[in-house]
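Inspection log for the structure reproduced underneath, given as C-alpha cells.
No lab work stands behind these numbers, since they all come straight from the coordinates. Small disclaimer: the values here were computed from a predicted structure and weren't measured. Because the Cβ atoms are built from the backbone with ideal geometry, glycine has one as well, and the counts that use them run over all protein chains shown.
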Amino acid sequence: MSISECSGAIKEEALRLGFADCGFSKAELLPEDATRLQEWLSSGYHARMGYMAKHFEKRTDPTKLVEGARSVISVLYNYYTDKKQKDPEAPVISTYAFGRDYHLVMREKMNLLFDFIKSLHPDAEGRVFVDSAPVLDRTWAKRSGLGWIGKNSNLISRKAGSFVFIGEIILNLEFDYNQVPEGDYCGSCKLCVEACPTKAILDNRTLNSERCISYQTIENRGEISQELEGKLSNRVFGCDICQDVCPWNRKAFRHTEPDFEPLSDLLDMTANEWSHLNKDRYRELFTDSPVERAGFKKLKSNIAFLRKKA
Ligand code: B12
Ligand code: SF4
Ligand code: SF4
C-alpha cells in the first residue's frame, strides 16, 4: 500500500469511527509556537496552571515526547448539541461537560483507530493523546489542515465549527502530509472578543487565563478572583460564550455520540436545586463527567460565588 493509499484508508476509517475530521502532519519542532508559548508563559497568562510551564521541549517538539516519532495524526470529535438547561436562572454548565468525559470517549475510539493502523502496518509504534500530555493540540490540528485558530483561540473547522475536541496519534510512520495551510476565516469579525464578559481574549489569538471564566471555574483550585465578581454570566463550570457567538458555529451539527447525551435530570435542574446540590446528587449527575476535574467542593464554591452577585 502506498503512503497516499494508507493515509486515505486511515482517514476513511477515522470518519467511519465517528471523527469529524482527520489529517496528517510531519512530527517536528514548532519554532513559531515555541516563541508564542514562551511569550504566553512569560506574561503569566497560564495563571496557576503550573503544568503548562512544564515539559516545554516536549510540548514544542513531538519527537522529544515520543521516541521515533515521524508523524502526528490529528482528529476532531464533534460535541455540539442544541440541548439547553431548562431553567434560565440555573447556573450554566458548559456543553462539553454535559455527558461522559471526552478523554474516556475519545481514547476508546482513538485506540480503535490505532489498531486499524497496526492492521495496515504491523510495525506501527506510537502513542494516543487526548489532552493527556504536553502536546499543542490546536497547533497540530491546524497544521494537519483541520481548521484555523480563531480570535477566541479555538480551532475552528470549516466543516464542523469549534465545538470539537482534538486528539492525536503520534507515531513512527510517514503519511501524506497536509500541504495547504488553512486560511483565516475570521475576517473583520470580532464578535467573540466583544462578547467575552471578562475581557479575557488577547489580540494575538491567545487568552489571559486569569480572566477566563473557564479557568476560574475549572482549573483555579483557589478562590475565584474577586475582580470577576458579578461578571461570570452565571457560568458555574466552563464557558461557551465566545463559541456561542461565533458565526462559524451556525454550521455546527448535532453530535451523534450517545455518551455525550446529557442526563435529563441535569437539564431539568432548577436554580434552587443547584443551590442545594449535595454530594449524593453530585455523584449521580457527574460520575465520569468532565465536572469531576473540578470536584464537589469547587463546584459548590462556584455556585456560592455566583450567588454573591445577587
Ligand atoms: C490550558 C488549556 C485551557 C486554559 C487556557 C486556554 C488557552 N486558550 O490557552 C483554559 C482553562 C482557559 C481553557 C479553556 C477552554 N478550553 Co482548554 N485547553 C487547554 C490545553 C490543556 C492547553 C492549551 C494551550 O496550550 N494553551 C497555551 C496557548 C499559548 O496555546 P494555544 O491557545 O493552544 O495556542 C497555540 C496555537 O493556537 C498557536 N496559535 C495561536 N495563535 C496563532 C496564530 C497563528 C497565525 C498561528 C499560525 C498559530 C497560532 O500557538 C499557540 C501556542 O504555541 C488544551 C489541550 C492541549 N493539550 O492543547 C485544552 C483545549 C485547548 N481546551 C479545549 C476546550 C474545549 C476548552 C473550552 C472550550 C472549555 C470550556 N467550554 O470552558 C475553553 C475555551 C476557552 C478558549 N476560548 O480558549 C479544547 C479546544 C478545542 C478547540 N476546538 O480548539 C482543547 C484543545 C482540549 C482538547 N483536546 O480538545 N483551556
Ligand atoms: S471561555 Fe468565556 S471567559 Fe473565556 S475567553 Fe471565552 S467568553 Fe471569555
Ligand atoms: S466570533 Fe468571529 S472573530 Fe471570533 S472566532 Fe468566530 S469568526 Fe473569528
Practice prompt. Could you list, in sequence order, all residues of segment 52-84 that are under 30 Å from Glu257 (Cα atoms) and among the aromatic types (Phe, Trp, Tyr)?
Written response: Tyr77, Tyr79, Tyr80
Discussion item. Tell me yes or no: at least one residue of segment 39-56 is more than 16 Å from ligand 3 (Cβ to nearest atom), in contact with a Phe, Trp or Tyr (Cβ under 8 Å, 6 or more places away or on another chain) and assigned to a strand (DSSP E or B).
Written reply: no
Practice prompt. Scan segment 162-178 and give yes if some residue there is surrounded by 22 or more Cβ atoms within 10 Å (Cβ to Cβ), under 30 Å from Glu5 (Cα atoms) and within 11 Å of ligand 3 (Cβ to nearest atom), otherwise no.
Written response: yes
Discussion item. Scan segment 113-135 and tell me whether some residue there is under 25 Å from Glu182 (Cα atoms), touching a residue at least 12 places away in the same chain (Cβ under 8 Å) and within 16 Å of ligand 3 (Cβ to nearest atom).
Written reply: no
Worksheet item: Of these, Gln179, Gln226, which one is farther than 30 Å from Phe24 by Cα and away from ligand 2 (no atom under 14 Å from the Cβ)?
Response: Gln226
Discussion item. For the structure I just gave you, tell me whether Lys300 is in a helix (DSSP H, G or I) and either in contact with a strand residue (DSSP E or B) (Cβ under 9 Å, 6 or more places away or on another chain) or not hydroxyl-bearing (Ser, Thr, Tyr) (or both).
Written reply: yes
Worksheet entry | Selection from segment 185-206 of residues that are over 21 Å from Leu136 (Cβ atoms) and within 12 Å of ligand 1 (Cβ to nearest atom) | Val193, Ala195, Cys196, Thr198
Worksheet, complete the sentence: With criteria (1) of a type in the set (A, V, I, L, M); (2) outside any loop (DSSP other than H, G, I, E, B); (3) within 18 Å of Leu29 (Cβ to Cβ), Ala133 comes up short on (2)
